[in-house]
Amino acid sequence: MPKARDLQPLPVPPGTGALTVLPALARALDGDGPALLPVAADQAEEARRLADALIGDAPLAAAEDAADDPTALVIATSGSTGDPKGVLLPASALRASAEATHRRLGGPGYWLLAMPAHHVAGIQVLVRAVLAGTHPHAADTSDGFRPDRFATAARQLLGADGPHYTALVPTQLSRLLNAGGDGLDALRKFDAVLLGGAATPPALLRQAQDCGVRVTTTYGMSETSGGCVYGGQPLDIAKVRIGGATESVQTGPIQLAGPMLARGYRHQPESAVFADGWFRTGDVGCWRGDRLEVLGRTDDMIITGGVNVAPLAVERVLTEQVGVREACVLGVPDSEWGQAVVAAVVPTDPAEPPSSDALRIAVRERLSAAAAPKRIVFISELPLRGPGKPDRRALAARLARR
């Protein structure tokens, strides 16, 4: 019987320092050495917490590895519970995802890293570069994302002969578009800008397109080795179904299948979300023609007065309105409605926020009376977690204090 393989932490520095992990990453993709748990090198306490929960003293179990397709990375994700889970990604899944991405975009190219590489979206930028045989560059994000530093890194990359790619979250894209100047000029020169990590406001997407930025929205998660649906259409390796094996519905739970799937979770070999080759995402979606529209997390759905309201649908309407930069919609306990729809809105101009009544009317006319927010709170910025997702728990706590 072969010896069980170890799982070891891989401290990933921020910004340009992330490129130092490339040799270890290449070895892991080749199945040489231990499996790796990427952690943020500048967040020592969080790194220890993840290592204690996901590594401990135990090597990979038989169900967590395979001699002919070794587990290369274990990506930490909090899921909807806040408890760390380790997503077991075999080398074949990471390769399949990266190669399918290159086929969709127009071939292997040069990648610019602009987000933390201990998350799946960031480390996949490095994986794609390793498999393409090209040298990636990284923006200096040691003290946060700055458009001028993005421009500096982009200039170094864009001199290479071949396609040029990067990946951003909506907050980063918004900063580049609003800052203009060298950062936006550089962004226009990329052959593709993958945009994921959080829902993209339609107004932001239109602004990018109007500015000549070649944006491709992505949908995926750690369990699918990153994005597997680009521009609403699955990659050529991915299968998507709404509902389940015995039903086909227009709107319902999203399930995904394909060689980019993880083999399961660390210490959770019997997780029900992986079954029969399909991953139950916990998201709700629908088909708009041949394109997948993601409506939000199942556990984020708001039931108000007996009516289901998808927060993401309300957020999309709000962010299409003049004077709204970002929005996050929550359900809060309410004695009359069970849950009340509450919207936190970041105005474009804090000194002149849009009319709350006008925003409610827009939602009512586009969606329904039940979806119209009972309360609208204007804030300066949304709290974020991970690679740019709104932190709904922190926001709910903030609203409760107010």
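Every number in this text was worked out from the coordinates using simple rules, so none of it is lab data. Worth saying up front: this structure is predicted, and the values here are computed from it rather than measured. Cβ placement follows ideal geometry from the backbone for every residue including glycine, while neighbour counts extend to all protein chains displayed.
Placing dummy labels 7 Å off each Cα toward the beta-carbon, the span from Lys3 to Asp148 is 5.2 nm. Run through every distinct alpha carbon pair of the range 170-221 and return the Kirkwood hydrodynamic radius in angstroms, one decimal place. In the range 170-221 this quantity evaluates to 11.0 Å. Phi angles across the range 393-398 convert, under the Karplus curve 6.51 cos²θ - 1.76 cosθ + 1.60 with θ = phi - 60°, into 3J(HN,Hα) values of 5, 5, 5, 4, 5, 5 Hz, Gly and Pro given as x.
Can you classify the range 7-291 as rounded, prolate or oblate using the Cα gyration tensor, where a ≥ b ≥ c are the square roots of its eigenvalues, rounded means a/c under 1.5, and otherwise it's prolate if a/b beats b/c and oblate if not? Verdict is oblate for the range 7-291. Backbone amide hydrogens, once placed in the peptide plane, bring Glu326 within less than 5 Å of Val346, excluding anything fewer than 5 places away on its chain. Between Arg288 and Lys239, the modelled label-to-label distance comes to 2.6 nm, taking each label 7 Å out from Cα in the direction of the beta carbon.
In a fully extended conformation the segment linking Arg364 and Asp210 would gain 52.6 nm over its present Cα-Cα distance, using 0.36 nm per residue.
Taking θ as phi - 60° and the Karplus parameters 6.51, -1.76 and 1.60, the scalar couplings of the range 297-314 work out to 6, 4, 7, 9, 4, 9, 10, 10, x, x, 10, 7, 10, 8, x, 5, 5, 5 Hz in sequence order, x denoting glycine and proline.
To the nearest 10 degrees, how steeply does helix 44-54 sit against the main Cα axis of the chain, on a 0 to 90 scale? Its long axis makes an angle of about 70 degrees.
Residues in the range 182-197 carry Karplus couplings, in order, of 5, x, 5, 4, 5, 4, 4, 7, 6, 6, 7, 10, 6, 10, x, x Hz; the curve used is 6.51 cos²θ - 1.76 cosθ + 1.60 with θ = phi - 60°, and Gly or Pro positions show x.
Considering only beta bridges that DSSP places wholly inside the chain, some 65 percent are antiparallel.
Quickly rank 278-284, 129-135 as a protection proxy: mean count of other C-beta atoms within 10 Å, highest first. The partial results should precede the final answer.
Working: 278-284: 19.4, 129-135: 17.9.
Packing order, densest peptide first, comes out as 278-284, 129-135.
Summing charges over neighbours of Ile55, with a neighbour being any other residue whose Cβ is under 9 Å away from its Cβ, gives -2 when K and R count +1 and D and E count -1. Close amide H pairs (under 5 Å, H built 1.01 Å from N) link Thr200 with no residue at least 5 positions away or on another chain. For the chain, lysine pairs separated by 8 or more sequence positions, or belonging to different chains, with Cα-Cα distances below 30 Å total 6.
Per-residue counts of other Cβ atoms within 10 Å, averaged by peptide: what ranking do you get for 54-60, 327-333, highest first?
Values: 54-60: 15.1, 327-333: 21.1.
Answer by packing, highest mean first, reads 327-333, 54-60.
Here the chain is assigned +1 on the Cβ of each Lys and Arg and -1 on the Cβ of each Asp and Glu. Its dipole about the Cα centre then comes out at about 540 debye.
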